[in-house]
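Worksheet: one structure, shown below.
The values are calculated or read from the model by the stated rules, or taken from the named source; none is laboratory data. Predicted model only: the values in this text are computed from it and were never measured. Heads up, the Cβs are rebuilt from the backbone with ideal geometry, glycines too, and the neighbour counts pull from every protein chain shown. The protein model used for the area step is the full one, side chains on, heavy atoms only, and it has no ligands, DNA or RNA in it. Shrake-Rupley method; radii C 1.70, N 1.55, O 1.52, S 1.80 Å.
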Amino acid sequence: MATLAEPQTDFTRLPTMADEVFTAPLRKPAHVGDDWLEPEQTAYSTEDDAIWDDLFARQMDVLPGRAASAFLAGLDKLDLGRGGVPEFRQMSEELDRLTGWSVVPVPMLIPDHVFFWHLANRRFPAGNFIRTRETFDYIQEPDVFHDVFGHVPMLTDPVYADYMQEYGKAGWKAMRYNRLKALGSLYWYTVEFGLLMEEAGLRAYGAGILSGPTEVVYAIEAQSPNRIMLNVDRVMRTDYVISDLQPTYFVIDSFEDLYRQTVERDFDRLYRSLGPGFTYANTAVIDVDNVLNRGTLEYTLRGGRGSGAAPL
């Protein structure tokens with residue numbers, strides 16, 4: 001079994017966690033193994049399928065003109081609107097033909113090192129459950145709709161698919177330096193809440209934006225948030241908001257640009273220069289930023305979701 005004490009090159013083997021690496025404590029369900037994979041995908045009920053269809057329809061009312069063209073193309077390639085929760089095996093066969101990826105079911109959020117291992121092997125772990133009508137508008141833990149609708153269409157883009165694999169490989173290096181929070185910021189501001197400048201204008205490619213009706217409009221059109229061109233070193237020093245709309249979004253020129261900024265970066269040198277905490281608040285605009293929109297921060301300053309403030 002490989003350890004995190006030395007560089008990891010054999011991504012076929014799941015590494016063990018070094019004692020000094022801090023990560024969220026998660027209790028593994030008894031029915032899954034060290035890979036945290038479910039034996040099979042849930043048999044979804046008629047009501048579950050109806051919830052998927054209603055969520056899908058709601059998003060498609062707001063995504064045209066706001067979602068990245070690669071995302072919309074991915075929806076079509078995988079035919080995710082065919083009705084009901086997609087069947088992972090069929091979806092994986094289609095995805096494998098396009099970019100060599102597959103989708104695998106997991107019971108819940110999984111440990112960082114296991115998540116990285118699956119990404120490094122071009123497997124995307126997706127929640128094996130769907131929200132209820134009572135949690136239709138907001139669910140704290142990512143479900144199958146967030147994971148499959150929000151993330152998987154982007155994996156049909158070859159460059160983005162390669163970025164995700166490289167991110168998984170990079171995860172083990174972050175653990176060796178105990179810098180998971182910094183790498184988590186990169187994931188948050190790209191994979192979950194990234195924006196892309198297309199010829200037609202600003203578009204969203206992050207799953208956290210694309211799977212929610214309020215955030216996709218807010219991220220693209222609202223005056224409140226900052227929109228800043230991506231700088232990997234800066235982003236990895238920046239705090240983020242988990243349970244509310246983002247005060248700041250980072251923008252890329254292209255997926256090739258995203259790949260170059262990350263895969264070609266010397267992360268050993270970067271991690272040695274990082275402190276254990278974040279340097280910048282999630283509302284900050286600093287002197288090195290290439291700012292597209294300096295936001296009013298009105299939504300955040302009024303107290304965000306808990307205050308009932310309008311996402312303007």
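Within the bounds of the range 2-18, is there any residue that is in contact (Cβ under 8 Å) with a residue 12 or more places away in the chain, at positive phi and either open to solvent by less than 50 Å² (accessible area, probe 1.4 Å) or under 21 Å from the mean Cα position of the chain (by Cα) (or both)?
No.
What residue, of Gly194, Gly184, is closer than 20 Å to Gly150 by Cα and out of contact with any Phe, Trp or Tyr (no Cβ under 7 Å at 6 or more places or on another chain)? I'd like the intermediate steps shown before the answer.
On the way: Gly194 fails: out of contact with any Phe, Trp or Tyr (no Cβ under 7 Å at 6 or more places or on another chain).
Selected residue: Gly184, the only one of Gly194, Gly184 that is closer than 20 Å to Gly150 by Cα and out of contact with any Phe, Trp or Tyr (no Cβ under 7 Å at 6 or more places or on another chain).
When only residues in the range 25-63 that are under 18 Å from Ile130 (Cβ atoms) and small (Gly, Ala, Ser) count, which is surrounded by the fewest Cβ atoms within 10 Å (Cβ to Cβ)?
Ala43
Restricted to the range 270-285, and to residues that are over 22 Å from Thr296 (Cα atoms) and of a type outside the set (S, T, N, Q), which residue is most open to solvent (accessible area, probe 1.4 Å)? Step through it out loud before you land on a result.
Taking the range 270-285 as the starting set, the residues that turn out to be over 22 Å from Thr296 (Cα atoms) are 270-278.
Okay, now just the ones that are also of a type outside the set (S, T, N, Q), so 270-272, 274-278.
Details: Leu270: 1, Tyr271: 5, Arg272: 157, Leu274: 15, Gly275: 40, Pro276: 112, Gly277: 46, Phe278: 58 Å².
Looking at residues that are over 22 Å from Thr296 (Cα atoms) and of a type outside the set (S, T, N, Q), I get Arg272.
Within the set of pairs 6 or more residues apart or between chains, which connect a residue that is in contact (Cβ under 8 Å) with a residue 60 or more places away in the chain and at negative phi inside the range 228-252 to a residue that is β-branched (Val, Ile, Thr) and part of a loop (DSSP other than H, G, I, E, B) with Cβ atoms less than 8 Å apart?
Here the result reads Ile228/Val285, each pair linking the range 228-252 to a residue that is β-branched (Val, Ile, Thr) and part of a loop (DSSP other than H, G, I, E, B).
When Glu94 is evaluated against the numbered criteria (1) free of Cβ contacts under 8 Å to residues at least 60 places away in the same chain; (2) touching a Phe, Trp or Tyr at 6+ places or on another chain (Cβ under 9 Å); (3) open to solvent by less than 50 Å² (accessible area, probe 1.4 Å), which criterion, by number, is the only one it fails?
Condition (2) is where Glu94 drops out.
In the range 295-311, which residues are within 24 Å of the chain's Cα centre (by Cα) and either part of a loop (DSSP other than H, G, I, E, B) or modelled with pLDDT of 95 or more (or both)?
Listed by number, the residues that qualify are Gly295, Leu297, Tyr299, Thr300, Pro311.
Where residues in the range 129-168 are open to solvent by 10 Å² or more (accessible area, probe 1.4 Å) and hydrophobic (A, V, I, L, M, F, W, C), which of them is farthest from Ser243 (Cα to Cα)?
Checked the range 129-168; the qualifying residue farthest from Ser243 (Cα to Cα) is Val159.
What number of residues in the range 259-274 are in contact with a helix residue (DSSP H, G or I) (Cβ under 9 Å, 6 or more places away or on another chain) and assigned to a loop (DSSP other than H, G, I, E, B)?
If we filter the range 259-274 for residues that are in contact with a helix residue (DSSP H, G or I) (Cβ under 9 Å, 6 or more places away or on another chain), which is where we start, we get 259, 261-263, 265, 267-268, 270-271, 273-274.
If we keep only those that are assigned to a loop (DSSP other than H, G, I, E, B) too, we end up with 265, 274.
Number of matching residues: 2.
Evaluate the range 75-90: report whether one residue or more is open to solvent by 50 Å² or more (accessible area, probe 1.4 Å), at positive phi and out of contact with any His (no Cβ under 7 Å at 6 or more places or on another chain).
Yes, because at least one residue in the range 75-90 is open to solvent by 50 Å² or more (accessible area, probe 1.4 Å), at positive phi and out of contact with any His (no Cβ under 7 Å at 6 or more places or on another chain).
Going by the structure shown, is Ser69 under 25 Å from Val217 (Cα atoms) and open to solvent by 30 Å² or more (accessible area, probe 1.4 Å)?
So Ser69 fits the description; yes.
Tell me, yes or no, whether the range 185-194 has at least one residue that is over 14 Å from the mean Cα position of the chain (by Cα) and β-branched (Val, Ile, Thr). Give the steps one after another, and end with the answer.
Restricting attention to the range 185-194, the residues satisfying the condition of being over 14 Å from the mean Cα position of the chain (by Cα) are none.
Looking for residues that are over 14 Å from the mean Cα position of the chain (by Cα) and β-branched (Val, Ile, Thr), one finds none in the range 185-194, hence no.
Test Ala24 against the criterion of being over 23 Å from Tyr205 (Cα atoms), hydrophobic (A, V, I, L, M, F, W, C), assigned to a loop (DSSP other than H, G, I, E, B) and under 22 Å from the mean Cα position of the chain (by Cα), and give yes or no. It would help to see each step written out before you state the result.
Values: over 23 Å from Tyr205 (Cα atoms): yes; hydrophobic (A, V, I, L, M, F, W, C): yes; assigned to a loop (DSSP other than H, G, I, E, B): yes; under 22 Å from the mean Cα position of the chain (by Cα): yes.
Answer is yes for this residue.
Could you please find all residues in the range 195-214 being buried (at least 16 other Cβ atoms within 10 Å of the Cβ) and among the hydrophobic types (A, V, I, L, M, F, W, C)? Even if it seems obvious, please write down each step before you answer.
Here is the first cut: in the range 195-214, the residues buried (at least 16 other Cβ atoms within 10 Å of the Cβ) are 195-197, 202-212.
Result: Leu195, Leu196, Met197, Leu202, Ala204, Ala207, Ile209, Leu210.
Yes or no: Phe267 touching a residue at least 24 places away in the same chain (Cβ under 8 Å), open to solvent by less than 30 Å² (accessible area, probe 1.4 Å) and under 26 Å from Asp143 (Cα atoms)? Full working, then the answer.
Values: touching a residue at least 24 places away in the same chain (Cβ under 8 Å): yes; open to solvent by less than 30 Å² (accessible area, probe 1.4 Å): yes; under 26 Å from Asp143 (Cα atoms): no.
No.
For Glu215, are the conditions met, namely being under 23 Å from Arg305 (Cα atoms), touching a residue at least 12 places away in the same chain (Cβ under 8 Å) and under 19 Å from the mean Cα position of the chain (by Cα)? Break it down stepwise before answering.
Numbers: under 23 Å from Arg305 (Cα atoms): yes; touching a residue at least 12 places away in the same chain (Cβ under 8 Å): yes; under 19 Å from the mean Cα position of the chain (by Cα): yes.
Spelling it out, Glu215 is indeed under 23 Å from Arg305 (Cα atoms), touching a residue at least 12 places away in the same chain (Cβ under 8 Å) and under 19 Å from the mean Cα position of the chain (by Cα).
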